[in-house]
Structure formats: C-alpha cells, structure tokens
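*Asks:* Just dropping this structure here.
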Amino acid sequence: MLDTTLLGSVNREVLLAQIIRGYNGFLVYRQLYDEKGISIDQLSEEDPLDLLRRIPILQPAQFRDLVNESIRVTNNVVDLEISSGTNGLPKRRIITDRDEEIEIQFLSKLFQTSGIGASDSVACLDTGPLTLMVSFLPALDLCGVKEAYAFSASVDSISTITNLGKLKPNVIITIPSIIERLIDPLEKELNGFQWNLNKIIYVGESIHENTRKRLEIDL
C-alpha cells in the first residue's frame, strides 16, 4: 500500500465519482482494480483514498495505453502535452479545457504552499522547445508574482547560467536532470553573489542526495 500525505482536505464524493468514471471509461484503470480483486460494487463502498493506496502506480506501458484510450473517449481536447524525454521515452498527456482550468488552480495552490508570492521573480527552466514549463506560467500569474518566464536550457551550461543570471530570478522551477547539468556553473554564480536565488523547485523526477546537499549549502 502506498504511503501518502495529504496537502489539504479531500472531497471524498467527488474523488469517488472520478474513480468510478475511470473504472467505467478506461480499460487501463479497470484492469488495475481487477488485478487487486476490487469490483465496481466495492468502489462505491470503500473509502476512495484507501482504494487509491491499494492500486499500483502506472507503469510506462500502462501510461501509454491510457493516453491512447484518452484520445478515443475524451471530448474537447485542447492540447497534447509531451514531456522532454530526459528520463526515457517522452510521455504524452491529453488535456481538455476543463483539465487545463483545474490544473492551473492546483498548480497555483502548490506554488503558494512552496512560498512563492508577489515579491518573486520565477524562471521556469526546461529544455527547448519548452514543452512543459510554459504551462506553469498561468498558475504563477495567479500567485501574483512580480514576473515569471520560461527559459530554455541549452547544451552549453555556462552560457545558460550566464544568460539566466542577467534576469536574476530568485526562484527556479525545473527538473533534476537539468539541475545536474547546471549545478557546477550555478554554484560558481551563487558563490559570487551575482543574484539572489533562494528557491529551487524541482518536478517530474527524483533528485540525487548529493545534489540536494550541494543546493542546500549554497542556498
């Protein structure tokens, strides 16, 4: 069973309705519950959070199948989000207009929980052509930040940090694989007190413990 921590309150009725919708509408989800011996009747009887803890995390092949199913059963598709593929094959995600609205609100709450606010200048750092991080900008606008922009990390790490340093963000949002690539020139820039970086928020991947410690010392 997954060890989970809640960031806020949960509307169990709404969550249960989404679980049942997933079971009825997507073969991938139905197979996950069937493998755990959970029937459609049990879905309505058990606590929805306990149900989610009991099913395994989607594996890459299952996620690809779910994306293909989504294309067939979903209306009002407004975007196909594709990850950079830094950690393997690029992931695809179908987004409807309602998904986009909910995600912006959710991301805004997460950023506010991370302490991002009106005084912050935020750089969303991604690989070109910035397929992922641009989706964070509307959520940062809701946080009322001073400025937010998407910045492309080139293969030249020193050039990337030098150019980013001209904008002097105090918050960076990126993925650990980019941090790993940039950490040496970033440390030199921070040790030279060139800009007041005080937060690095990473998403999408786990980060090496040594990298985390280096960042904690410098920040």
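*Asks:* Between Lys188 and Val155, what is 0.36 nm times their sequence separation minus the Cα-Cα distance? Round to one decimal in nm.
*Replies:* Answer, rounded to one decimal: 10.1 nm.
*Asks:* Tell me which DSSP H helices of the chain clear both cut-offs, 18 Å or more of axial length from alpha-carbon atoms and a mean Kyte-Doolittle hydropathy of at least 0.0.
*Replies:* On the way: long enough: 12-25 (19 Å, 0.07); 60-73 (20 Å, -0.29); 97-113 (24 Å, -0.72); 176-191 (21 Å, -0.31).
Taking the DSSP H segments of the chain (at least 18 Å long, mean hydropathy at least 0.0), we get 12-25.
*Asks:* Over the chain, with every protein chain in place, what whole percent of the accessible area is carbon and sulfur at 1.4 Å, could you tell me? Numbers along the way, then the final one.
*Replies:* Working: 6690 of 12970 Å².
Roughly 52 percent of what the probe reaches on the chain is carbon or sulfur.
*Asks:* Roll a 1.4 Å probe over the protein chains and send me the accessible area per residue for the stretch 138-200 in Å². Before the final figure, lay out the partial values.
*Replies:* On the way: 3030 Å² over 63 residues.
Counting only protein heavy atoms, the per-residue value for the stretch 138-200 is 48 Å².
*Asks:* Using a 1.4 angstrom probe on the protein heavy atoms only, could you order Val67, Val14, Val203 from most to least accessible area? It would help to have the intermediate numbers written out before the result.
*Replies:* Working: Val67 10, Val14 85, Val203 40 Å².
Solvent-accessible surface, decreasing: Val14, Val203, Val67.
*Asks:* Averaged over all directions, how much area does the convex hull of the C-alpha atoms of the chain cover when projected, in nm²? Each step should come with its number before you reach the end.
*Replies:* Working: hull surface 52.8 nm².
Dividing the Cα hull surface by four gives the mean projection, 13.2 nm².
*Asks:* With a cut-off of 8 Å between alpha carbons and a minimum separation of six or more residues, what is the relative contact order of the chain in percent? All intermediate terms of the calculation are to be shown ahead of the outcome.
*Replies:* Details: 264 pairs, mean separation 28.1, N = 219.
In percent, rounded to a whole number, it is 13.
*Asks:* Same structure, new question: Between Leu137, Leu66, Leu32, where does the largest GNM mean-square fluctuation fall for the chain, given springs only between Cα atoms within less than 10 Å?
*Replies:* For the chain, modelled as a Gaussian network with Cα springs under 10 Å, the answer is Leu32.
*Asks:* Percent of Cα-Cα pairs more than 19 Å apart in the stretch 93-209, please. The partial results should precede the final answer.
*Replies:* On the way: 3093 of 6786 pairs.
Beyond 19 Å sits 46 percent of the P(r) for the stretch 93-209.
The values are calculated or read from the model by the stated rules, or taken from the named source; none is laboratory data. In this text the structure is predicted, and so the values were computed from the model without any measurement. Heavy atoms of the whole protein, side chains included, go into the accessibility calculation; ligands, DNA and RNA do not. Shrake-Rupley method; radii C 1.70, N 1.55, O 1.52, S 1.80 Å.
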